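Q: Supplied in structure tokens, the structure appears directly below.
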Amino acid sequence: MEEIYVNGEFSKSHNPVASTNNYIGPRSSKRSFSSAVILTLGLLNIFLLVGLITLSVYLHGAATSVSAISSNISSMTEDENHLKANLSTVINKLSSMTEERDLLHTRLTEKTRELERLQSLSKQKKTCASGWRMFSCSCYLLSEKTGSWDEGRSDCRDNGADLVVIDSSEEQNFLATIINDNTWIGLTDHGTEGLWKWVDGTPLTLAFSRNWWWTLSCDP
């Protein structure tokens, strides 16, 4: 019996230790697992926060880029509209210039035909009335009347002509062959003394070789 008792004591004194070891082991493992889970969740939260911040920065940059692109597109649209307006203006001006060109061409054609008609008439043989002399398609009459310059001009007008306007040296040389002294031509300074003009209003530009202020003739 003593041997059994001793074995029982040994067994009792040994079991608590074994029991204690069996109790402490699983509890320590649970604590380590919980700490690992918390640490992992914390790291995940940190990564998630960093990801959110990065995504926010990226989205902000993307929004800025989109805004800039939208602004550029708007500006390009305005430029396009402006170019279209300018192009329309240029087309309208070109159309107007084309119409003006056609009008000028029509007028030029009419003037050309009129010039050809006048040239054709000038080539036709022209005759002067009795007592008149012809030079370069004009008729000249040396009046036998005497009087003042105004009276001489009035006499020419009564004959459907006017005092002669000399516009070439050839005409001057022709008149030198038919005129006499103390006659009148169509040159006057009535408007301004010393400023000589022809009766048709043109200024005196021809240099005379002799004193023509006393010449009178009629030029129809």
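The values are calculated or read from the model by the stated rules, or taken from the named source; none is laboratory data. The structure presented is a predicted model; accordingly, all values stated were derived computationally and were not measured. Please note: Cβ atoms are built from the backbone with ideal geometry, for glycine as well, and neighbour counts cover all protein chains shown.
Q: ILE185 - would you say it is of a type in the set (Val, Ile, Thr), modelled with pLDDT under 90 and within 18 Å of CYS128 (Cβ to Cβ)?
A: So ILE185 fails the test.
Q: Another question about this same structure. Show me the strands (runs of 3 or more DSSP E) found entirely inside segment 91-202 where at least 2 residues are free of Cβ contacts under 8 Å to residues at least 60 places away in the same chain and surrounded by 10 or more Cβ atoms within 10 Å (Cβ to Cβ). Give the steps one after another, and end with the answer.
A: Values: elements: 133-135, 138-140, 187-192, 195-198.
Filter on segment 91-202 gives 133-135, 187-192, 195-198.
Q: Given ALA68, ALA85, which one is among the hydrophobic types (A, V, I, L, M, F, W, C) and under 26 Å from the mean Cα position of the chain (by Cα)? Before you say what the answer is, go through the steps one by one.
A: Values: ALA68 fails: under 26 Å from the mean Cα position of the chain (by Cα).
Sole residue among the options that is among the hydrophobic types (A, V, I, L, M, F, W, C) and under 26 Å from the mean Cα position of the chain (by Cα): ALA85.
Q: Another question, then. Could you please give the count of residues in segment 103-134 that are small (Gly, Ala, Ser) and modelled with pLDDT of 75 or more?
A: Applying the first criterion (small (Gly, Ala, Ser)) to segment 103-134 yields 120, 122, 129-131.
With modelled with pLDDT of 75 or more added as a condition, the list becomes 129-131.
Qualifying residue count for the region: 3.
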